[in-house]
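FYI, it's all coordinate maths here, none of it is from the lab. Computed from a prediction, not measured in an experiment: that's the story for all the values here. Cβ coordinates were reconstructed from backbone atoms using ideal geometry, including for glycine residues, and neighbour counts include every protein chain displayed.
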Ligand code: SF4
Ligand code: SF4
């Protein structure tokens, strides 16, 4: 099947992007799917070659080409390694959008994915209701029963489901949290879609840490899902619609900085200018990861010791998508008593990649196994990482591979070192 590309602006952009590749192969050793398969077609260079062939009309957009585009984790390690500045993430999104456009992905799993991404994830009330159902199932241990009875392939996917936290941690954040002590500024906070439901404690900790560092925190009304999962799944129209909602919400909030604590969301928000050329640049320029922001502003010394050995594991969309590497490590080193322990391959993908661990469980588990081996050698008390998907994947990896470590967001460690705080809705907030 050919996409008839030469006439379309999209195909010209795809072709132009592919021309940046000089075939040097420096990206190959960093690519998780190449490391697992050894196949050129499953490497960044191979995928660029396939994309160029399709754009030139020399290669049909077949099921095999589509599968290589979806076997890719979208980790963007190849972008960091590339001396030619190939923007692989954009190229991949564009290829996946073409795959969707010509209808190569089909079947019940695809229909469920589309339904959830379009009709549940971007709608906070529906998402909350769905996650409350999961919590009820977990409360009566039906998930444990399902785990025992399910066939092998399904069992692995059920095992990835995180425990839904207590309602206290899912309580909404106030619209404004005032700075503690001397005021240093005012920031907006990006809440996310999954974060308030599954990692509400991390959102609360982030707001507390920002307030303790002297920042008023504005939780802009009208914000919502960043659209990253949609863009990665080839649904650019929904991603653009969601991005437009966030552009409007943060413009109305009148903040100069927008803080994200989820690497995947932060990377997507920083690309809003590409999705919405006329309006997105302003928001894209204002986005900062919480670790990057606190590092740049200077962290107020946390008073409470946290005497643990901590391995920091880079989320791909923080390291490769936002080029934030040193800041979280510098912040963690400022916590009294904390010992930062290096482990091999901290920069390598953990295999989570959005919903990749559900769509490609075998490759995801192989990539995770490599990561867990290196973490097991370092034997930390805590694995720190700043992305919800990575936290879920690493928690599943800790259980499967028998590690003793707790998996936490870096901001949770900072919050504990400041003494934590009471829940939102129970004043005083700090
Ligand atoms: S994004 Fe990651 S998995 Fe995909 S080609 Fe690049 S390095 Fe490989
Ligand atoms: S490193 Fe860059 S230029 Fe070299 S093969 Fe990979 S994508 Fe192409």
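When N is the residue count of segment 108-166, what does its C-alpha Rg come to as a fraction of 2.2 N^0.38 Å? Before the final figure, lay out the partial values.
Values: Rg = 12.7 Å, N = 59, 2.2 N^0.38 = 10.4 Å.
After normalising by residue count via 2.2 N^0.38 Å, the value is 1.23.
Ranked by Cβ crowding within 10 angstrom, fewest neighbours first, how are 221, 56, 68 ordered?
Taking fewest neighbouring Cβ atoms as first place, the list is 221, 56, 68.
Counting only DSSP beta bridges with both residues in the chain, tell me the antiparallel percent, nearest 5. Before the final figure, lay out the partial values.
Values: 2 of 19 bridges.
Percentage antiparallel, nearest 5: 10.
Which value at 222 nm does the chain reach when only helices count, each DSSP H run of 4 or more adding -39,500 (n - 2.57), with the total divided by all residues and rounded to the nearest 500 deg cm²/dmol? Please list the in-between numbers first.
Working: 24 runs with 226 residues, N = 430.
-15000 deg cm²/dmol, from helical runs alone.
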Under a crude label model (7 Å from the Cα following the beta-carbon direction), how far is residue 109 from residue 401 in nanometres?
2.4 nm
Stokes-Einstein D for the chain, Kirkwood Rh over Cα pairs, 10 °C, 1.306 mPa s (µm²/s)
71 µm²/s
Angle, helix 200-212 long axis vs. longest principal axis of the chain, Cα atoms, 0 to 90°, nearest 10?
60 degrees
Please state, as a whole number in µm²/s, the translational diffusion coefficient that the Stokes-Einstein equation yields for segment 341-430 at 25 °C and 0.890 mPa s, with Rh defined as the Kirkwood radius across alpha carbon pairs.
172 µm²/s
Candidates 291, 260, 132; GNM for the chain (alpha-carbon contacts under 10 Å) flags as most fluctuating 132
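If neighbour count is taken as other Cβ atoms inside 10 Å, put 204, 317 in order from fewest to most.
Working: 204 26, 317 29.
Ascending Cβ contact count within 10 Å gives the list 204, 317.
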Between 144, 244, 253, find the one with the highest GNM mean-square fluctuation for the chain; connect C-alpha pairs within less than 10 Å.
144
Mind giving me the nanometre distance, one decimal, between the label points for residue 323 and residue 342, set 7 Å out from Cα along Cα→Cβ?
2.3 nm
Linear extension gain, residue 248 paired with residue 40, 0.36 nm per residue minus alpha-carbon span:
70.6 nm
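So for segment 168-297, Kirkwood radius off the Cα pairs, Stokes-Einstein at 20 °C and 1.002 mPa s: how many µm² s⁻¹?
Details: Rh = 14.6 Å.
After rounding, the answer is 147 µm²/s.
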Say each of residue 130 and residue 101 gets a label point 7 Å from the Cα, pointing the same way as Cα to Cβ; how far apart are those two points in nm?
2.7 nm
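Would you kindly state how much longer the chain becomes between residue 183 and residue 163 on full extension, computed as 0.36 nm times their sequence separation minus their alpha carbon distance, in nm to one decimal? Numbers along the way, then the final one.
Details: separation 20, 0.36 × 20 = 7.20 nm, distance 3.68 nm.
Extra length available between residue 183 and residue 163 comes to 3.5 nm.
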Give me the three principal axis extents of segment 5-102 from the C-alpha atoms, as integers in angstrom, largest value leading.
35, 26, 20
Extended-chain gain in nm, criterion 0.36 nm per residue less alpha-carbon gap, residue 374 and residue 256
38.5 nm
All-pairs alpha carbon distance profile, segment 246-349, 5 Å steps from 0, percent:
2, 12, 19, 20, 17, 13, 8, 6, 3, 0
For a footprinting-style exposure proxy, rank 41, 377 by other Cβ within 10 Å, fewest first.
377, 41
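What does the convex hull of the alpha-carbon atoms of segment 70-155 project to on average, in nm²? Can you show the working numbers first?
Values: hull surface 34.2 nm².
So the Cα hull casts an average projection of 8.5 nm².
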If you build a Gaussian network model of the chain, linking Cα atoms that sit under 10 Å apart, which residue out of 139, 248, 233 swings the most?
139
